[in-house]
Each structure stands twice: as structure tokens, then as C-alpha cells.
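The values are calculated or read from the model by the stated rules, or taken from the named source; none is laboratory data. It should be emphasised that the depicted structure is a prediction, and the values quoted were computed from it without experimental measurement. All Cβ positions, glycine included, derive from the backbone under ideal geometry; neighbour counts span all protein chains shown. Surface areas here come from the heavy atoms of the whole protein model, side chains and all, with no ligands, DNA or RNA. Shrake-Rupley method; radii C 1.70, N 1.55, O 1.52, S 1.80 Å.
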Amino acid sequence: MKFDSIVIGGGMAGLSAALRLAEAGQKTLLMASGQSALHFSSGSVDLLESEGDPRAALPAFMAEHPDHPYSKVGLASIEASLADLQRHCALQGLPLFRQERNHQRLTPIGTLKSTWLSPETCACVTEAPAPDVLLLATLEGFRDFHPALAAANLATHSRFAHSRILTGEIRLPQLAAFSRNPHEFRSADIARLFDKQQHDKQDLLTDLAREIGRMVQECGEPGCRHIVLPACLSLGLVGPRLAELEQRTGCTIKEVATMPPSLIGMRMQEALKRRFQALGGTFLTSERVLGARYEGDRVVGVHSQNGDDQLFEANHFVLASGSFFSRGLESRLGGIREPIFDADVLSLPERDAWAGRRLFDHHPFMGFGVKTDDQLRVLRGGTPLANLYGAGSVLAHYDPVREGSGSGVAVATGWQAAGHILAEG
């Protein structure tokens, strides 16, 4: 099978590269080994931890870190990549919110996380004043969101010093079957039930609206009109469902990502996947790439677990296979290894130096990854492979947690790798 380009990895980096290539008219194959890290993410896109506009902080940051992936992309392309992501998501009914500076997203434990882009359905702290009353609610028996813990943490934040933060529990008899097996009572199970009942013309949303009305009335606060629920009302686009719920209750209702699996991250992946396929792209899942064939400094094709006799050939390739979590990098007794192309990897020889002594120390292994040249071409034996580009968390020289840059680097490097391919014609 021959393609113009093959992208290895179905996460944010791989999808960003594949979307740009497919939209430009390239015959593009995306090979995903299974669930990406998006299934465990908030669905927000971090650019850079910064007090003000992170775009203004980027030039100094890149000058200080010349090997950082952002430095190989450049400010104009970083901004263009994020704008492209917003456009693709909006076209799939998943609008992303941003300000001229980082906003703060509510986490499931009630802390606030700085980020650049978030789905509009997410509970975020913006420049608007905090509400006088905020109600955090969960579903009876649901164990992946604990309003009391979230409320206690949120109350310590200065923005909510004058807010009354309440908690509540929603009782829906339709969920009773799940309570017999708490291992099945997860956000995806609840979402499937809501989706099924809507498909079967059963009005579970009416019962939910009635329960929200009961909670608001029982809290005794006439100004209680801001509700936060766990993200579990739909596997698909939840915006229309929340809008209907707001119309029925007269409340503003936002959602918070639960403990993994995260429906908000899963929706992001599905929206971008649909967009890619609508552009004519081919998406193969459960297709783990194991090795490659070469002609000189060029990759000819790759093969998967189905056998090396079935070669997926292309003119260009993008390695967006992820880090240790996605097995894009492997940690062995002999060191760190990139398993598909045996690419050059940045690491440290002494394993004791890989991690700090304490949990919140700096951990050098976070910066381990594949080495590339200034055009993001993957190095092998010290020489760039002419038609293989790296993108996302497989790359070296950045720490996504410490910098608050993880998904921003994924989007920017995936988009830029595609740009280099398109420039070659």
C-alpha cells in the first residue's frame, strides 16, 4: 500500500500533522496503535506556563532553550498551528475557548490549572468575576468526582474568596443498575446511557433537569445559578445537551474532566479523527508499527504487528508515537530506546540521575526523547533521515509538565512537520 505520507501515532501530534497533510490534498495514512494519551487528558491545550500572554513569553523562552521543539518551529508557526486546531475543532462542533492570556481550568480535585485552549463546555476561571454561589454536583454512587474535595480546594483560591461553594448529589433511578458493580459505574458508562436514552426517545435529561432544580431549591441560595457537573453526559459532542439542560433549568452548567478515562479528551480525539477522515484521510487503529525498511537515508516503508511482508510505503513519514506512556519510547536496563526506527535518543547513562529524589522535584527523564535536526528530521546514527520527521512527546529537549507546554508542543510540531513535507512538493 502506497501513500504520499504516513503518520505514526493517533494523539494530538499525529492528528495535527495528518490534518494539515490531508487538507493539502495528500493521500495520508494515520496508523494508531490504540488509545492515545488524549483518552487520559483534560482536552485542554497548554501553550506555556506564564503570568501574562504566553505568546509574549515565548521569544525569551526559545532564546534560552535553543534545542526546545518550540525553537525549531518558531513563533509564527506555533500561533498558526493553534489557530488551525481551533478551526478544525469548530468545524466538528467542538469550539475551543481562549483569552489573550492563559485561563485557568478547574481540575477534578478542585485545583486550577493554567492553559491556553479549552472546550467551551469546560468549567474555567476567566477574567469575569467569580460567581457569588457555585454548586459542584455529582451523581449518586459515582466515584470519579468528589465535590466535597473539589469545593475544599477551590475555596482556598483567592478568586473565590467571596464565593459560597456548595456541593450536591443527583439521584437518578436509571443509574441504579450500575451501583451493583462500581467497576462499571464510570463516566463512559453513564454517557452511553444518556446517549442510548436520547436515541430511544426516553427523556433522561428531563429527570436530570428536575434533580438540578431540586438541588438548587434545597440549597437555600436564590442566587445559585452556576452548576459544575462531571463530564459524563455524552460520549459525543455535549454542547447541545448542556445548552438544553441550561434552558430547562435556567442555570449556567459547565463540566469538569473526571479521573481517567476522560470523556473531554476522548471527544477531542474523535472530533479530529472525523475531520481527518472527512478530508479523505485513512485512519487505521490497533495497527502498532514495529519496524521500517530503508534505502540509504530514506525510509521506504513501515510494517506493523501483522507482519513485515505487508509494507506500508510512503514518500514521507511522521513519527508521533508518544513517549513512555504510549510506548513510543522504551526504558530498558541498557537505557532508553526508540523501538521503530532505532532513532538517536537523548538520555543519561546513569539511571540514578534520571529522576529527582522527591515527587515534585525536576525529573530529567521528562526531557528524554528522540533527537532531531532544526527541521524536525529524526536523527539515526547522527545523520537525519531525509523523509522522517518527529513530532510530539517522542521528542527530546522539553519537559511538558514543568513548562506547561505538552499539548502545545504536540500541535505545533505536528503541524510544522507536515509543513516541511508539503514544502518539498
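Numbers below:
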quantity: In the stretch 380-395, the residues that are touching a Ser or Thr at 6+ places or on another chain (Cβ under 7 Å) and open to solvent by 30 Å² or more (accessible area, probe 1.4 Å); calculated: SER393
quantity: Among the candidates LEU135, LEU112, residue that is open to solvent by less than 10 Å² (accessible area, probe 1.4 Å), touching a residue at least 24 places away in the same chain (Cβ under 8 Å) and either of a type outside the set (Gly, Ala, Ser) or closer than 24 Å to GLY236 by Cβ (or both); calculated: LEU135
quantity: Spans of strands (runs of 3 or more DSSP E) in the stretch 205-317 with at least 1 residues charged (D, E, K, R) and open to solvent by less than 10 Å² (accessible area, probe 1.4 Å); calculated: 252-256
quantity: All positions within the stretch 318-328 that are surrounded by 19 or more Cβ atoms within 10 Å (Cβ to Cβ) and either at negative phi or in a strand (DSSP E or B) (or both); calculated: VAL318, LEU319, ALA320, SER321, SER323, SER326, GLY328
quantity: The stretch 138-156, subset among the polar types (S, T, N, Q) and touching a residue at least 40 places away in the same chain (Cβ under 8 Å), residue farthest from THR258 (Cα to Cα); calculated: ASN153
quantity: Options LEU29, LEU19, LEU58; residue that is among the aliphatic types (A, V, I, L, M), surrounded by fewer than 24 Cβ atoms within 10 Å (Cβ to Cβ) and touching a residue at least 12 places away in the same chain (Cβ under 8 Å); calculated: LEU58
quantity: Single match in ALA128, ALA148 (criterion: open to solvent by 20 Å² or more (accessible area, probe 1.4 Å) and farther than 23 Å from LEU233 by Cα); calculated: ALA128
quantity: Test set (1) open to solvent by less than 20 Å² (accessible area, probe 1.4 Å); (2) not in a helix (DSSP H, G or I) - PHE194 fails condition number; calculated: (2)
quantity: Of all residues making up the stretch 388-425, the number that are of a type outside the set (S, T, N, Q) and part of a helix (DSSP H, G or I); calculated: 21
quantity: Lone unmet requirement of (1) polar (S, T, N, Q); (2) part of a strand (DSSP E or B); (3) open to solvent by less than 20 Å² (accessible area, probe 1.4 Å) for SER331; calculated: (3)
quantity: Residue in the stretch 342-357 that is at pLDDT 80 or above, within 19 Å of ARG288 (Cα to Cα) and open to solvent by 20 Å² or more (accessible area, probe 1.4 Å) present; calculated: yes
quantity: Of residues in the stretch 396-416 being in contact with a His (Cβ under 9 Å, 6 or more places away or on another chain) and of a type outside the set (S, T, N, Q), the one most open to solvent (accessible area, probe 1.4 Å); calculated: ARG402
quantity: Filter result (farther than 25 Å from PHE3 by Cα and among the hydroxyl-bearing types (Ser, Thr, Tyr)) within the stretch 360-404; calculated: TYR398
